[in-house]
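A short write-up of the structure that comes next.
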Amino acid sequence: MDYNHRAIEQKWQKFWADNQTFKASNTSTKPKYYVLDMFPYPSGAGLHVGHPLGYIASDIFARYKRVKGFNVLHPMGYDSFGLPAEQYAIQTGQHPAITTAANISRYREQLDNIGLSFDWSREVRTSDPEYYRWTQWIFMQLFDAWYNKASDRAEPIRSLITHFETRGSSGVLAVSDEDTAAFTAAEWAGFSDAEKQRELLKYRLAYLRESTVNWCAALGTVLANDEVINGVSERGGYPVEQKKMMQWSMRITAYAERLLTGLETVDWPEPLVEMQRNWIGKSIGASVRFAVPSLAPDVAIEVFTTRVDTIYGVNCLVLAPEHDLVSQLTTAEQQAEVEAYIAHTGKKSERDRMADVKTVSGAFTGSYAEHPLTGKEIPIWIADYVLAGYGTGAVMAVPSGDQRDYLFSMHFGLSIIPISDAQQLDGQADPTKAGRYINSDIINGLTYHEAVDVLIKQLEATGAGEATINYRMRDAIFGRQRYWGEPVPVYFKDGFPQLIEASELPLVLPEIDKYLPTESGEPPLGRAGDWKYRGQFDYELSTMPGWAGSSWYWYRYMDAHNSNALVSPEAVNYWQAVDLYIGGSEHATGHLLYSRFWNKFLKDLGYVPEEEPFKKLINQGMIQGRSSFVYRVLDTEGRGTNTFVSYGLKEQYTTVPLHVDVNIVSNDVLDIEKFRQFRPDFANAEFILENGKYNCGHEVEKMSKSKYNVVNPDDIIEQYGADTLRMYEMFLGPLEQSKPWNTNGIEGVYKFLRKLWKLFHDAEGNFSVSHGEPDRAELKALHKIIKKVAEDIERFSFNTSVSSFMICVNELTDLKCNKAAILQELCIVLSPYAPHITEELWALLGNTPGTLSEAAYPEFNPDYLVESEFSYPISVNGKMRMNLSLPLSLETGEIEQAVLANPDVQRYLDGKPVRKVIVVKGRIVNVVV
RNA sequence: GCCUGGAUGGUGGAACUGGUAGACACGCAGGACUUAAAAUCCUGUUCCCGUUAAAGGAGUGCGGGUUCGAUUCCCGCUCCAGGUACCA
C-alpha cells in the first residue's frame, strides 16, 4: 500500500478524539508543563495559513514534552468578541452570536484537520456568558479596589473607606486621580452618599474618566484608529474629529513599576521586553509649576521635564491644544487664532500628530506665565506637537536643548538662549549634558549632576516643583461604544456608577433590533429599551474592549467548568502559570501588558499565586499576506467618493487606498462585479479603468480578515495531508521570522514522508521490516537525529529539524536500512512533527495502537558519533584553499607541522615566508604569509 | 516621526560561541524508465572568466571599521515588516 495520507490522518484524528488521548489531568505524579497558544479571534474567513504556524510549533513542543515524561496542559479556545463580527452584523442584520458560533465550528474543524493535540474538554469562548461572567466578576473586583502605595498592592476599597472613616484623607498613599479632596474623618462622615461615591471613584482601579476619541458624526459612533484612514472613516469616507467623552478606564499606571521590574523575571525575547519597557516609558525628571498671575494667584501650569537643568533656557510654555487651561488663557485678541488652531488640530489623529515632525504649527494664547526662578514673563503657546495624554499636557520649551522646541522657536521667531558652554547651535538644538552652564543664574559654572541637585532643592524650597518619576504609559480606556462585547456590570444611581450584585452575574448582552448607535448617538445597547437594572436604573451602555476576555483566559483553562470561581485554588496551585506561551509579536504591548496587569491584580487579591503569568514566551513570526488595494478617489474637500481608479492611473487623482479581498482579485486584476457585491456601499461604485481592466495595487503585510488577504490551509491538507502541512510550515524558516506565504517547496516535504513510508515497505508496498542488529552507520544516522531534534526543539529551531529528518531518511535509504530497532526509535523522534504517519507506522511495527504519545524519547548515546579524523579546511591569508584530513588526536603543534609539510599547502604558499599559523583544533587552519 | 525586528543563489532557507558561505528543499536543465504521461530514480545548478576540466576572480541589502579570519562584532545609511493605546 502506498502512503495514503487521507485514510491515515482521518483514522488517527478519530482515534485521538474517541480516546481523549490528550486530555490533561489536574493531578499527576509526572511533572506538569503548561503549553499555551494565543487563542484566535474566529474570523469569518476561517483559519488562515498564518494561524497554524504557532499552533504547530506549540503542538510539536507539547508532544515532545509528553514523550519526555511530562503531564502536559495544551488547551485551545476562542477570543470571540470583536469588531469584525459586529461589522458583519451591521451589514447583514445577523446576530453576531450566530455568525460567531458558525465561525467557531469552522475553526474547530480546521484545527482538528491539522492533528493538534489539544485538550478540547477545556475549551473556552470569551463571548460565552458562562465565561464572561468571570470577566465581569474581575471588573467588579477592579471597581471595588484601590492601589495602596504603602503596601504596594491593590486592596479592596473597604480598606480605603476604613482609612477615611478613621483618619480622613490624611496619610492615604494611593494611585488616584489628581483632584482628590483633603478631608478629616468627621468631614467624611458628614459626606452624602453621592459625595462619598464621587470621591471613591477617584481611587478605584476601574473608574470613569474623560478621554479623547475618534468621533464620526455621520456614523454616530467612535471609530478605532484602524477604521480611520487619512482623517476619514474607512466605511463611507465620512469626516472624523477628535472628541472628548466620559469613558471607563483601568488604572494600569498603578502597576507601572511592577510591570517594569517583572520583566526582569521572565524568559521572553529581549526585543519584546524592550518594547514593553519603552511602552511603559519610565522617565525620571521633575515637575515644575509656572504661575500665571493674570488668571488667579493659585493657578499654575504644571510641566514635566526630564531636563530640569535646562530651565534657564525656557523661552515659552507650550500646551497641548486640548489642555484644560487653554480657554482661560486665551486673550480676546488671540481668541480667533486659537480657536481656528484648535479646530485645525481636532481633525488630526494623535498618530498623525506624532508622525508629522516637519510641519511646525501653533498659536499664541496672549497670556504669560512667570518663570519660577527668574520671575521673567514667559509667553504661553499651544501647539499640536505637545500631546495631551503624555505628562501634564504641557512642556517648557527649551529651544537650545530640544530639537522640536528649536524648530518651534525658529518658526515663530522666539529667542533662543544657549545654556551650556559645550552647546553647539549651528542650525539645530544640542541636547548635550556636557560642559558647564551659562546664562543660568544659580547653576552657572556647574556640571549636569550638580545642577540638577541644586535646582530640585531650590524648586522644592519655593514650592514650585519637585523630583518626579513619569511614565509614558497611560491608563487604559476600557469602554467601547459597541454591541459585541461584555456588558459592564454597572448601573447608574444618582449619576454615580454602582455594581450589580455578584449573584446577578452574568449580566447577559440584551437583544437589540439593529447593531447601530441610537439616533441620539448612544451606543447600540441604548436600543434595548426595557433593559434596566431592577426595572428602574440605567445600565452602562458601553461594552468592554477586545482585550478584556483575553486578559485572564489562561486561568480558565485550568478549571474550565467551575461555576463557583474563575479557577479553583487546587487547579491554580497545580498549574501555577503558563510555562511556554507562543504567539505573535504584534501583541507585545497590547495583550501581553494588559494580561500581566490583570494577573498582578488577581495576585494582589489572593486569587492566583504567581506575579507573572507567562514564564517563557516565544514569538512566532507572522505568515504575511499579499494584500490587494483599490484606490478611492477623493473630492476637492478631501471626502471619499464612490469612484475608484486603477493602480496605474492613481497618480492623476487624490486617492485613499482601500483593502480589497484577495479572493476577488486574480493576477492583480479586480473582478468588478464581485467587488460591487463585496460591501453594500460599493454597489454603485464606478471605476476608472486601464485597458478595460481595474488593476489593484499590492503590499506584503500581515494576514488578517481586516486586510482581506487571507489564505486558508484546507486545500493544502486535502492535497498533501496534515503531516505535510505541519512539516512544511516549520520548514519555511525560523519560527520567529515573518515571511509571506507561498507553497513553492511543499513537494519536497511530501516526498520526504513518502520516502519515510518506503523505508518500512518493500517495492510492492507491503509492510516489511527486518530484525537484525543495526550496524554502526545506521546507529550513527539514528543518534545524530536523536541529538539534533532534542536540541532543536529546546531552542525552538523547528526548521532545522525538518532538514535533519530529510538527511536522516536519505541516509537510511542509501543504507537500505529497514531494521525495526532503528525505525521504531525514528518514529518516536519524528512523532511530534508528523504524528499521524508515525502513529500508523508505530502500530504497524506491532506496538499497541495509539501508545506513541506515551513512548519514551530515545536516549542519546554519543559513542556512535565519535570521529577519529577531521578534514581540516586550510586557509591561506583567510582564504579557503584546500582540505586536509588529519587525525583528531593531533595537538595544535603537530597539526601545524603536518600542514606546513604538505606539498599541496606549499604550492599555495608560493615560496613566501610563513608569518604565523593559526590552528583551531577540530575546526580550521589559517596560514598567514 | 518614535519603538522593535528583518535583508544570504531564480525561490524558501542553512551556517548554533568570529572559523570551509549556500546544508536541506523548491525550481530549472540534462538523462534513465515509459507507446506517452504521471510517479520514481540519476547528474548538474551562486555569479563572472574559462572549450569540458583545471586554475583564477567576485560574492551574504549599501558604505566604512575591528580581526590571522566577519553572514556573525562595531559605526553610518537604504528598503521592507510589526507596534504606536477603539483590529485582535
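The values are calculated or read from the model by the stated rules, or taken from the named source; none is laboratory data. This one's a predicted model, so the numbers in the text were calculated from it and none came from an experiment. Neighbour counts run over all protein chains shown; Cβ positions are idealised from the backbone, glycine included. Side chains are part of the model used for accessible areas, which takes the heavy atoms of the whole protein and leaves out ligands, DNA and RNA. Shrake-Rupley method; radii C 1.70, N 1.55, O 1.52, S 1.80 Å.
Quick notes on this structure:
- Every condition in (1) within 12 Å of RNA strand B (Cβ to nearest atom); (2) assigned to a loop (DSSP other than H, G, I, E, B) is met by A:ARG626 except one, and the failing one is (2).
- Against the numbered list (1) under 24 Å from A:ILE284 (Cβ atoms); (2) within 16 Å of RNA strand B (Cβ to nearest atom); (3) of a type in the set (A, V, I, L, M, F, W, C); (4) open to solvent by 50 Å² or more (accessible area, probe 1.4 Å), A:VAL395 comes up short only at (4).
- Candidates are the residues of the range A:463-492 that are open to solvent by less than 10 Å² (accessible area, probe 1.4 Å) and not in a loop (DSSP other than H, G, I, E, B); the one that is farthest from RNA strand B (Cβ to nearest atom) is A:GLY465.
- Qualifying strands (runs of 3 or more DSSP E) (wholly inside the range A:642-746; at least 3 residues being open to solvent by less than 40 Å² (accessible area, probe 1.4 Å), acidic (Asp, Glu) and assigned by TED's automatic domain parsing to the domain that holds A:GLU234): none
- Pairing residues of the range A:726-749 that are within 10 Å of A:VAL802 (Cβ to Cβ) and more than 8 Å from RNA strand B (Cβ to nearest atom) with residues that are acidic (Asp, Glu) and part of a helix (DSSP H, G or I), at Cβ distances under 8 Å and at least 6 apart in sequence or on separate chains, gives A:ARG726/A:ASP59.
- Only residues that are assigned to a helix (DSSP H, G or I), of a type in the set (Gly, Ala, Ser) and either in contact with a strand residue (DSSP E or B) (Cβ under 8 Å, 6 or more places away or on another chain) or crowded, with 23+ Cβ neighbours inside 10 Å (or both) were counted in the range A:815-831, giving 1.
- Per-region count, the range A:404-459, residues under 40 Å from the mean Cα position of the chain (by Cα) and hydroxyl-bearing (Ser, Thr, Tyr): 4
- Residue satisfying condition, being under 30 Å from A:MET410 (Cβ atoms), within 16 Å of RNA strand B (Cβ to nearest atom), assigned by TED's automatic domain parsing to the domain that holds A:VAL395 and acidic (Asp, Glu), within set A:GLU333, A:GLU337, A:GLU302, A:GLU350: A:GLU350
- The residues listed here are A:GLY535, A:GLY526; of these, the one that is open to solvent by 20 Å² or more (accessible area, probe 1.4 Å), more than 30 Å from A:PHE61 (Cα to Cα) and within 16 Å of RNA strand B (Cβ to nearest atom) is A:GLY526.
- Scanning the range A:328-383 for residues that are among the basic types (Lys, Arg), at pLDDT below 90 and open to solvent by 40 Å² or more (accessible area, probe 1.4 Å) yields A:LYS347, A:LYS348, A:ARG351, A:LYS358.
- For the range A:305-402, the helices (runs of 4 or more DSSP H) that sit wholly inside it and include 3 or more residues that are among the charged types (D, E, K, R) are A:350-355.
- Hey, A:ALA856 part of a helix (DSSP H, G or I), modelled with pLDDT of 85 or more, more than 13 Å from RNA strand B (Cβ to nearest atom) and not basic (Lys, Arg) or not: no
- Applying a threshold of 7 Å to beta carbon distances and a minimum spacing of six or more residues, or different chains, the list of pairs starting in the range A:578-593 at a residue that is open to solvent by 10 Å² or more (accessible area, probe 1.4 Å) and ending at one that is hydroxyl-bearing (Ser, Thr, Tyr) reads A:ASP579/A:TYR33; A:ASP579/A:TYR34; A:HIS591/A:SER550.
- Against the test of being modelled with pLDDT under 90 and not hydroxyl-bearing (Ser, Thr, Tyr), the options A:GLN247, A:GLN242 yield a single qualifying residue, A:GLN242.
- Flag if A:PHE408 is aromatic (Phe, Trp, Tyr) and closer than 20 Å to A:GLN335 by Cβ: no
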